[in-house]
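A short write-up of the structure that comes next.
The values are calculated or read from the model by the stated rules, or taken from the named source; none is laboratory data. Just so we're clear, the structure is a prediction, and the values are computed from it rather than from any experiment. So basically every Cβ, Gly included, is an ideal-geometry build from the backbone, and we count neighbours across all protein chains shown.
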Amino acid sequence: MDNITGLQATLEQVYNQMLPLCSSLIGTAQGIAGFAALWYIASRVWRQIAAAEPIDFYPLLRPFALGIAIMLFPTVFAAMNGVLKPVISNTYNMVSDSNAAIATLLQAKANAEKQTNSYQMFDGANGEGERATWYKYTHPDDPTDSNEGMIGSVGNDVKFAMAKASYNFRNSIKE
């Protein structure tokens, strides 16, 4: 979550630094856009005058409004930021509240995971796993490994190591 808040602060800092640096570019763009809007309006009016038609002002309102918005770009941009700033802060509050809920759920999941048989067998209290517990669950007919034998013991050690590696791999992917 800290990365997102850091990103938001970085973007705000970039905005605050770049707006004054771009003032000459904004001025040039305002001049070009203002000229283009004026040229469009003039050509439309000229066409209607040349055709001896009455001038229809309603279709000219949109380019006129765009021209005014372009000419007042920093003011329009500041108004948009003023309106959107409360949305940003309320969204941040929602994210922090949901992150607290997610942290609580993840802690509950971790506690529940520690109660499972797989965790008891392959991780256990010491982190090494318990072969005896594994043997009890995988060989219910001989839970005390009394009939295991030498070769069976080595085979079961390998099976336990493979099952533990599989559990650790799946658990690391889950995490």
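Key figures
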| quantity | calculated |
| --- | --- |
| Filtered residue count, segment 50-73, keeping only those that are out of contact with any Phe, Trp or Tyr (no Cβ under 7 Å at 6 or more places or on another chain), at pLDDT below 90 and part of a helix (DSSP H, G or I) | 14 |
| Residue check for residue 7: exposed (fewer than 13 other Cβ atoms within 10 Å of the Cβ), at pLDDT below 85 and not polar (S, T, N, Q) | yes |
| Residue list for segment 29-74, filter: hydroxyl-bearing (Ser, Thr, Tyr) and either surrounded by 11 or more Cβ atoms within 10 Å (Cβ to Cβ) or touching a helix residue (DSSP H, G or I) at 6+ places or on another chain (Cβ under 9 Å) (or both) | 40 |
| Members of segment 26-61 that are touching a residue at least 12 places away in the same chain (Cβ under 8 Å) and among the polar types (S, T, N, Q) | 30 |
